[in-house]
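Visitor: I'd like to ask you about the structure that follows.
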Amino acid sequence: MLFDKDTSILSITDRASERVQELVKKADSDVIGLRVGIKTAGCSGLQYQVEFAKEQKPFEDSIDVNGVRVLIDPAAVMFLIGSEMDWAEDKFNSTFIFNNPNETAKCGCGESFSVS
């Protein structure tokens with residue numbers, strides 16, 4: 001997929017921004033938001049990583065939506081361009097979901113993905 005210069009790295013749904021707000025309010029006072037990254041894991045090779053952020057690291061992009069801050073690990077940018085971060089909850093599971101146009105495969109359980 002080709003992206004133009006106006007394509008954002010990551011968009012965040014209202015549900016996801018509400019969940020980020022809740023998490024940051026419950027966290028330590030020095031938490032400024034959440035950090036989104038990618039790590040090598042799972043049977044497909046890559047896995048999304050979401051963690052509390054206490055400071056903005058050099059070269060990180062920052063997305064501020066509805067009063068919440070999400071920082072993007074610079075090593076993850078090329079894997080995330082054009083993605084959407086959402087929040088889903090059902091009887092058995094609650095998690096951030098990434099709708100990523102760069103994914104070329106996902107493992108059967110949905111825990112990891114790969115890109116070409």
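Visitor: Name the single residue that is surrounded by the fewest Cβ atoms within 10 Å (Cβ to Cβ) among those in the range 80-100 being under 16 Å from residue 63 (Cβ atoms) and acidic (Asp, Glu).
Guide: 84
Visitor: Scan the range 10-24 and report the pairs whose first residue is without any contact (Cβ under 8 Å) to a residue 24 or more places away in the chain and farther than 9 Å from residue 69 by Cα and whose second residue is crowded, with 16+ Cβ neighbours inside 10 Å and of a type in the set (D, E, K, R), with Cβ atoms within less than 7 Å and a gap of 6+ or a chain change.
Guide: If the second residue must be crowded, with 16+ Cβ neighbours inside 10 Å and of a type in the set (D, E, K, R), no pairs are left.
Visitor: Out of all the residues in the range 92-101, is one or more more than 15 Å from residue 17 (Cα to Cα), outside any strand (DSSP E or B) and touching a residue at least 40 places away in the same chain (Cβ under 8 Å)?
Guide: Yes: one or more hits.
Visitor: Taking the range 20-41 as the region of interest, how many residues are over 16 Å from the mean Cα position of the chain (by Cα) and surrounded by 13 or more Cβ atoms within 10 Å (Cβ to Cβ)?
Guide: The total comes to 2.
Visitor: For the range 22-67, what are the residues that are in a helix (DSSP H, G or I) and of a type in the set (Lys, Arg)?
Guide: Step one: list which residues in the range 22-67 are in a helix (DSSP H, G or I), which gives 22-26.
Answer for the range 22-67, where residues must be in a helix (DSSP H, G or I) and of a type in the set (Lys, Arg): 25, 26.
Visitor: Does residue 77 satisfy the criteria of being at pLDDT below 95 and touching a Gly at 6+ places or on another chain (Cβ under 8 Å)? Spell out how you get there, then give the answer.
Guide: Details: at pLDDT below 95: yes; touching a Gly at 6+ places or on another chain (Cβ under 8 Å): no.
In short, no.
Visitor: Looking at (1) assigned to a loop (DSSP other than H, G, I, E, B); (2) in contact (Cβ under 8 Å) with a residue 60 or more places away in the chain, which one does residue 70 not meet, given that it meets all the others?
Guide: Tallying (1) assigned to a loop (DSSP other than H, G, I, E, B); (2) in contact (Cβ under 8 Å) with a residue 60 or more places away in the chain, residue 70 fails exactly one: (1).
Visitor: Turning to a different aspect of this structure: List pairs: first residue in the range 29-47 and touching a residue at least 40 places away in the same chain (Cβ under 8 Å), second residue part of a loop (DSSP other than H, G, I, E, B) and among the small types (Gly, Ala, Ser) anywhere in the structure, Cβ distance under 9 angstrom, at least six positions apart or on different chains.
Guide: Short answer, once both residue conditions are applied: 41/112; 42/112; 43/108; 43/112; 44/112; 45/112; 46/112; 47/112.
Visitor: Select, from 112, 44, 17, 62, the only residue that is surrounded by 14 or more Cβ atoms within 10 Å (Cβ to Cβ), among the hydroxyl-bearing types (Ser, Thr, Tyr), within 13 Å of the chain's Cα centre (by Cα) and at pLDDT below 95.
Guide: Criteria check complete, one pass: 17.
The values are calculated or read from the model by the stated rules, or taken from the named source; none is laboratory data. Being a predicted model, the structure only gives us computed values, none of them experimental. Every residue, glycine as well, gets a Cβ built from its backbone with ideal geometry; the counts of neighbours run over all protein chains shown.
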